[in-house]
Amino acid sequence: MRYASQQTTPSLNADVLRTRDGHRVAFAVAGALDGVPVVVLHGGPGSGSQPSVLKLFDLTRFKVVLIDQRGTGASRPFGSVRNNRTAQLIDDIEAIRRCLGIRQWGVLGGSWGAALALAYAGLHPQSVTGVVMRGLFLTSVREIRSLFVASRRRAPRAWARLSTAAQCSRPAALFARCAQVLQPGSSEARQRAVALAWRGYEDAVLASARTRAAHPPVLRPHSDARKLIGKYRIQAHYLKHRCWLGESRLLSLARRANAAGVSLAAVHGTRDPVCPPDNMRRLARAVPAARIEYVRAGHLASHPALRARVTYTLETMFDPTAYEGRHARRAT
């Protein structure tokens, strides 16, 4: 489904939240001023928000808030891991909600953003009407190990390049070595090599879920490499600490959110090579009331089938009256 408001790039009203501990958290608002408010939490960690996510919404009916989590996107200081933990991200989300004068809003999160959405809803259920997740990451050691050890069989050449860049040939030690190299203090050349190789490995693993070969984007050697160093420095920082959550605590927060009346819905690709589809079974066991749907797709929200189901879920959860009205008009 496409909307007239999406034919051109929608305008974004950008602003900055200045925190007491030295961060400037960038956020932007798009859509109808009196629309149904939904905040979007990006993945990564470290990736920054993507305006393309607005294509999931009818911007004549929704008011969408995009947040660049600490150290990402337009937030400053870029790539900083100082005062950068999950609890602080959650505080930022609440501060931005209050800044915008929104009493309650829906939350959309993909991958790491889905985990952050559950944690936020569990800690601030009074602020949340519902949570929609795409490709849920449970922040477990099992998933992190799978990405750097088991998934190397999906992309052996890209894994070998990452291993060479990090100067580490032991699969079980590769993540720790990458995290070490990316922290301040290592030479910029080594950081650049690891960041570029990590991006290449990530692209290759994601492409392994597709039916056709995908070509990773061409990176500009200097500006893009610097951005990637910041991205993967933050990602390594979070993964090293299991995002200060871990699977058991995250599912406990999901139960707390649900018990407080927050609706939970998840759409997951059956061929997701990053977040195992089995994560849905774990969520369903913890929260039987959660709406769970599998789609024949990989991890990325850009997959047409995944995008369509997330759009449908957003409409039916957060704007059911508008959805029912459109459905009734089609029936006649």
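Report yes if some residue within the stretch 95-106 is touching a helix residue (DSSP H, G or I) at 6+ places or on another chain (Cβ under 7 Å), at pLDDT 95 or above and of a type in the set (A, V, I, L, M); otherwise report no.
Within the stretch 95-106, the first condition is being touching a helix residue (DSSP H, G or I) at 6+ places or on another chain (Cβ under 7 Å), and the residues that meet it are 97, 104-106.
So of that shortlist, the ones also at pLDDT 95 or above come out as 97, 104-106.
Filter again for of a type in the set (A, V, I, L, M), leaving none.
No, the stretch 95-106 contains no residue that is touching a helix residue (DSSP H, G or I) at 6+ places or on another chain (Cβ under 7 Å), at pLDDT 95 or above and of a type in the set (A, V, I, L, M).
If you scan the stretch 122-157, which residues turn out to be polar (S, T, N, Q) and under 19 Å from Gly44 (Cα atoms)? Reasoning before the result, please.
We begin by selecting, within the stretch 122-157, every residue polar (S, T, N, Q); these are 126-127, 129, 139-140, 146, 151.
If the condition is that a residue be polar (S, T, N, Q) and under 19 Å from Gly44 (Cα atoms), then Thr139, Ser140, Ser146, Ser151 are the ones that fit.
Among the residues of the stretch 97-140, write down those that are within 18 Å of the chain's Cα centre (by Cα) and assigned to a helix (DSSP H, G or I).
If the condition is that a residue be within 18 Å of the chain's Cα centre (by Cα) and assigned to a helix (DSSP H, G or I), then Trp112, Gly113, Ala114, Ala115, Leu116, Ala117, Leu118, Ala119, Tyr120, Ala121, Gly122 are the ones that fit.
Out of Trp198, Trp112, report the one residue that is under 22 Å from Gly230 (Cα atoms), in the same structural domain as Gly79 (by TED's automatic domain parsing) and touching a helix residue (DSSP H, G or I) at 6+ places or on another chain (Cβ under 9 Å).
Numbers: Trp198 fails: in the same structural domain as Gly79 (by TED's automatic domain parsing).
Sole residue among the options that is under 22 Å from Gly230 (Cα atoms), in the same structural domain as Gly79 (by TED's automatic domain parsing) and touching a helix residue (DSSP H, G or I) at 6+ places or on another chain (Cβ under 9 Å): Trp112.
Run Tyr232 past the list (1) crowded, with 24+ Cβ neighbours inside 10 Å; (2) in the same structural domain as Gly106 (by TED's automatic domain parsing) and report the number of the one that doesn't hold.
(2)
Would you be able to say whether some residue in the stretch 60-80 is part of a helix (DSSP H, G or I), farther than 15 Å from Tyr120 by Cβ and among the hydroxyl-bearing types (Ser, Thr, Tyr)?
No - not one qualifying residue is present in the stretch 60-80.
Give the residue that is nearest to the chain's Cα centre (by Cα), with candidates limited to residues of the stretch 229-256 that are more than 21 Å from Asp203 (Cβ to Cβ) and basic (Lys, Arg).
Arg242
Here is a yes/no grid of residues against (1) free of Cβ contacts under 8 Å to residues at least 40 places away in the same chain; (2) assigned to a helix (DSSP H, G or I):
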position	(1), (2)
Leu250	no, yes
Asn258	yes, yes
Val274	no, no
Asn279	no, yes
Leu300	no, no
Leu306	no, yes
Thr311	no, yes
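Within the stretch 13-66, how many residues turn out to be closer than 18 Å to Thr311 by Cα and among the polar types (S, T, N, Q)? Lay out the reasoning, then the answer.
The initial filter retains those residues of the stretch 13-66 that are closer than 18 Å to Thr311 by Cα, namely 30-32, 35-43, 49-66.
Next cut, among the polar types (S, T, N, Q) only: 49-50, 52, 60.
Summing the residues that are closer than 18 Å to Thr311 by Cα and among the polar types (S, T, N, Q) in the stretch 13-66 gives 4.
The values are calculated or read from the model by the stated rules, or taken from the named source; none is laboratory data. Quick caveat: nothing in here was measured; it's all calculated off a predicted structure. Here Cβ is always computed from backbone atoms with ideal geometry, including for glycine, and neighbour counts include all displayed protein chains.
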